[in-house]
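Asks: Can you keep this structure in mind? I'll have questions shortly.
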Amino acid sequence: MLLLTEIAGIIPVTKEIKTAIQKQFVKRDCIKSECLHEAGKVAKDLYFIEKGLVRMFYHNDAGKDITYGYYTEGDFITVPDSFFTQTPSKYHMEMMEEGILYAITFSDFNQMLIDHPVMQRLENKTLRAFLLKAGERIAALQFQSAQERYDTLMENQPSIIRRASLGTIASYLGITQETLSRIRARK
């Protein structure tokens, strides 16, 4: 179970913690295009991606679909502001391909933190990863050219180029599909 391996890299996994993880994280076999979270609702689950590609996105004022980020094997994913504050979100999350996720509800996650305080390290690592990814996203849009943003995606998440549609990649990079095609043609 990749989930246990990932958590064991963060905290010592005792027999009690292993049992709690196996009990509280529920395996979900997901299909392509499955909605994991809908905008306007409270994020109730934290997911661990064992297999598959998840996209977080929103709709801008013009109704255009804008990709915020991609998450792949070994990532924990939720809409962090919604999950941790239990308030409605502006983001959607969907499966970009078939996959296997492990989900834990907000209440079960908080109970696990109470029962096993060392699990707070997992919460801290997850929050830190979300914060760093958000900071990188903002900096890329503010300070990098379209070509540099594409190069960064190729360097940091090369599988996305093969696994995601050109339309969602273009929206993630903040460019049109035509511009993305020109950038790809130069490579």
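Asks: Report, in debye and to the nearest 20, how large the dipole of the chain comes out about its Cα centre when Lys and Arg carry +1 and Asp and Glu carry -1 on their Cβ.
Replies: Using only the charged Cβ atoms, the result is roughly 300 debye.
Asks: Another one. What's the magnitude of the charge dipole for the range 114-158 around its Cα centre, counting Lys and Arg as +1 and Asp and Glu as -1 at the beta-carbon? Answer in Debye, nearest 20.
Replies: 120 debye
Asks: Once each part is reduced to its C-alpha centroid, what is the distance from the range 159-179 to the range 126-157 in angstrom?
Replies: 14 Å
Asks: For the range 1-73, state which GluC sites (Glu not before Pro) are in a DSSP loop and have at most 16 other beta carbons lying within 10 Å of their beta carbon.
Replies: For GluC sites (Glu not before Pro) across the range 1-73 that sit outside H, G, I, E and B with at most 16 neighbouring Cβ atoms in 10 Å, the list reads E38, E73.
Asks: Here's something else I'd like to know. Of the listed peptides 21-28, 157-164, what is their order by residue-averaged count of other C-beta atoms within 10 Å, with the highest listed first?
Replies: Descending mean neighbour count gives 21-28, 157-164.
Asks: Next question. Using Cα pairs under 8 angstrom and six or more residues apart, how large is the relative contact order of the chain, in percent?
Replies: Numbers: 275 pairs, mean separation 46.0, N = 187.
Over the chain, the number comes to 25 percent.
Asks: Please list, in order along the range 148-159, the HN-Hα scalar couplings obtained from phi with the Karplus expression 6.51 cos²θ - 1.76 cosθ + 1.60 (θ = phi - 60°), rounded to whole Hz, x for Gly and Pro.
Replies: Residue by residue, the range 148-159 yields 5, 5, 5, 4, 5, 4, 4, 6, 8, 9, x, 5 Hz.
Asks: Taking the radius of gyration and the Kirkwood hydrodynamic radius from Cα positions alone, what is the Rg/Rh ratio for the range 139-187, to two decimal places? If you can, show how the numbers build up before the last one.
Replies: Working: Rg = 9.8 Å, Rh = 10.7 Å.
For the range 139-187, the value is 0.91.
Asks: Binning every alpha carbon pair distance of the range 34-84 at 10 Å from zero, what are the percents per bin?
Replies: Calculated over all Cα pairs of the range 34-84, the distribution is 23, 56, 20, 1 percent.
Asks: Compute the Rg/Rh shape ratio of the range 97-187: radius of gyration over Kirkwood radius, all on alpha-carbon atoms.
Replies: Result for the range 97-187 is an Rg/Rh of 1.12.
Asks: Which percent of Cα-Cα pairs in the chain sits in each 10 Å bin, short to long?
Replies: 9, 35, 34, 17, 5, 0
Asks: Which one, S107, A39, S82, projects farthest toward the positive side of the charge dipole computed for the range 2-119 from Cβ point charges (K/R +1, D/E -1)?
Replies: S107
Asks: Do any of K44/K133; K64/K125; K23/K64 go past 30 Å between their Cα atoms, and which?
Replies: Listed pairs above 30 Å: K64/K125; K23/K64.
Rule-based calculations on the coordinates, nothing more; no lab input. Computed from a prediction, not measured in an experiment: that's the story for all the values here. Cβ atoms come from the backbone with ideal geometry, glycine included; neighbour counts cover every protein chain shown.
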